[in-house]
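J.: The structure's right below; bear with me while I get my questions together.
The values are calculated or read from the model by the stated rules, or taken from the named source; none is laboratory data. What you are looking at is a predicted structure, and each value in this text was computed from that prediction instead of being measured. Virtual Cβ from ideal backbone geometry, glycine too; neighbours counted across all protein chains shown.
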Amino acid sequence: MKATRVAGLALPGLAAALSVVLLTAAEMPGERFWPQWRGPDANGVSRHADPPTEWSETRNIRWKVEIPGRGSASPVIWGDRLYLMTAIPSGAPVEGSHAPRGGKPKEAHRFVVYAIDRRTGRTVWERTATETVPNENSQPNNSYASTSAVTDGEVVVAFFESQGLYVYDMDGKLLWQKDLGKKTMRNEFGEGTTPALSGNHIVIVRDHRGTSFIVALDKRTGAELWRVERKEVDSWATPLVVQHAGRAQVVTSGQNRLRSYDLTTGDLVWDSEGVTMNPIPSPVTADGVVFVTSGYQGNNLKAIRLADARGDISKSNAIVWTLDADTPYVPSPLLYDGILYLIKSNSPILSAFDAKTGAAHFRNQRLEGVTEVYSSPVGAAGRVYVTGRDGTTLVLKRGTAFEVIAKNTLNDGFDASPALVDGDIYMRGYKYLYDIAAR
């Protein structure tokens with residue numbers, strides 16, 4: 001990787017001051033960091049971060065690093081390190097590898113995990129998980145490294161889907177790896193389901209055109225704790241682990257059914273009618289309610305009260321409100337202090353709803369200056385950040401009215417979602433990884 005330092009940042013005392021901030025942060029629990037792609041509470045919000053509102057290529061960029069290869073995996077952070085996955089073309093087929101299904105042989109890729117010092121942008125360690133020809137083609141809007149890493153300060157979980165699951169310690173030592181088989185996706189749309197990590201459980205959903213299943217693995221050994229087959233086709237949503245009434249549940253999206261499983265046993269807790277086809281947005285939760293949505297060839301959102309969710313809840317009062325318009329296709333929702341923010345399909349159009357009642361605060365507000373949106377919105381310090389594929393991010397005031405605070409543009413495109421830690425925003429673009437921080 002090539003690091004680019006921004007002129008004027010080597011200020012006296014800056015490194016020492018930053019190291020104190022990072023040391024203090026390292027002593028805090030995981031909620032201080034961004035351990036998974038939707039943040040510490042899996043809802044897109046940081047309770048501790050206070051990132052800047054304004055930036056450009058010449059303002060408030062602490063550092064930028066060129067990331068080789070292709071990937072839309074979002075950065076995750078623990079302590080003073082950022083973890084990132086990518087797939088780098090290596091120029092030639094690997095001996096013994098096979099061609100993608102239905103296609104001609106393609107060049108091999110190195111599937112790589114980076115640990116990056118978030119103070120400087122320098123690589124701490126780099127690991128090639130595997131080098132192989134990808135299992136299938138991927139549509140141009142996807143990549144071969146679309147899942148994000150996840151960490152808990154003890155392990156780093158890197159799931160390259162058909163190319164395998166790799167678990168490292170924090171210093172980059174490979175603890176174990178596992179092959180969960182090859183996925184067959186409709187029209188070779190590509191893969192991209194990030195695991196959930198809770199306690200000693202790594203939970204993975206494998207919905208595709210073959211035998212679909214959900215599996216829980218021991219994070220320490222890779223031993224299979226339980227596995228349940230699912231009557232589902234392609235999905236990309238990350239499972240959500242939620243605690244309710246002393247019981248940990250794993251909520252999963254699906255075209256055919258929404259399902260929640262007991263984290264310990266894999267037993268089905270509840271299920272309901274599914275959402276639309278191609279479920280991509282990940283569920284979010286707050287105050288005992290889970291929100292599951294999708295928006296491809298239709299619109300569907302269900303708000304599910306866990307206290308009433310047992311068995312088949314399709315026609316029960318466990319579903320407290322629904323929505324059949326203006327739901328997201330790729331971006332996941334942002335759930336921020338009782339307000340549920342939704343992107344309409346992949347369009348630069350935003351709506352906000354009261355999470356308890358479903359009443360609209362505002363609907364179909366156009367995000368001026370933003371084009372298509374794949375990145376999921378994030379929030380901190382009373383602000384909402386929405387990033388478009390063209391490199392423009394709008395900063396909004398969190399609240400019941402639509403109010404733009406700032407518009408910022410970088411010379412890169414973005415599908416990955418930002419990570420918010422302390423006073424920084426970490427953004428992974430098509431070419432660069434940025435650390436944006438006020439100075």
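J.: Yes or no: residue 221 of a type in the set (S, T, N, Q) and over 26 Å from residue 332 (Cβ atoms)? Steps first, please.
T.: Numbers: of a type in the set (S, T, N, Q): yes; over 26 Å from residue 332 (Cβ atoms): yes.
So residue 221 fits the description; yes.
J.: Quick one: residue 323 ticks every box in (1) within 25 Å of residue 201 (Cβ to Cβ); (2) aliphatic (A, V, I, L, M); (3) crowded, with 18+ Cβ neighbours inside 10 Å bar one, so which box is it?
T.: (1)
J.: Here's another thing I want to ask about it. Looking at 400, 393, 357, 371, which is the one that is modelled with pLDDT of 95 or more, closer than 25 Å to residue 147 by Cα and of a type in the set (S, T, N, Q)? Write out each step before concluding.
T.: Values: 400 fails: closer than 25 Å to residue 147 by Cα; 357 fails: closer than 25 Å to residue 147 by Cα; 371 fails: modelled with pLDDT of 95 or more.
Only one candidate passes the filter, namely 393.
J.: For the stretch 25-66, give me each residue that is under 22 Å from residue 126 (Cα atoms), modelled with pLDDT of 95 or more and within 20 Å of the chain's Cα centre (by Cα).
T.: 33, 34, 35, 36
J.: Out of 292, 284, 251, which single residue is touching a Leu at 6+ places or on another chain (Cβ under 6 Å), buried (at least 24 other Cβ atoms within 10 Å of the Cβ) and touching a residue at least 60 places away in the same chain (Cβ under 8 Å)? Walk me through how you get there before you give the answer.
T.: Details: 292 fails: touching a residue at least 60 places away in the same chain (Cβ under 8 Å); 251 fails: touching a residue at least 60 places away in the same chain (Cβ under 8 Å).
Unique residue meeting the criteria: 284.
J.: Find the residue count for the stretch 295-327, including only residues that are basic (Lys, Arg), more than 21 Å from residue 43 (Cα to Cα) and touching a residue at least 40 places away in the same chain (Cβ under 8 Å). Give the derivation first.
T.: Restricting attention to the stretch 295-327, the residues satisfying the condition of being basic (Lys, Arg) are 302, 305, 310, 315.
Of the ones still in play, those that are also more than 21 Å from residue 43 (Cα to Cα) are 310, 315.
From what is left, the residues that are touching a residue at least 40 places away in the same chain (Cβ under 8 Å) are 310.
Qualifying residue count, the stretch 295-327: 1.
J.: Residues of the stretch 197-222 being of a type in the set (Gly, Ala, Ser), within 18 Å of residue 152 (Cβ to Cβ) and out of contact with any Leu (no Cβ under 7 Å at 6 or more places or on another chain), which ones?
T.: Pass one, the stretch 197-222, residues of a type in the set (Gly, Ala, Ser): 198-199, 210, 212, 216, 222.
Remaining after also requiring within 18 Å of residue 152 (Cβ to Cβ): 198-199, 216, 222.
Within the stretch 197-222, 199, 222 qualify.
J.: Of all the residues that make up the stretch 347-370, how many are among the aliphatic types (A, V, I, L, M) and farther than 17 Å from residue 325 by Cβ? Break it down stepwise before answering.
T.: Residues of the stretch 347-370 among the aliphatic types (A, V, I, L, M): 349-350, 352, 355, 359-360, 367, 370.
Adding the requirement that they be farther than 17 Å from residue 325 by Cβ leaves 355, 367, 370.
Summing the residues that are among the aliphatic types (A, V, I, L, M) and farther than 17 Å from residue 325 by Cβ in the stretch 347-370 gives 3.
J.: Does the stretch 368-379 hold any residues that are within 20 Å of residue 74 (Cβ to Cβ) and outside any strand (DSSP E or B), and which are they?
T.: If we filter the stretch 368-379 for residues that are within 20 Å of residue 74 (Cβ to Cβ), which is where we start, we get 370-379.
Hits for the stretch 368-379 are 370, 371, 372, 373, 374, 375, 376, 377.
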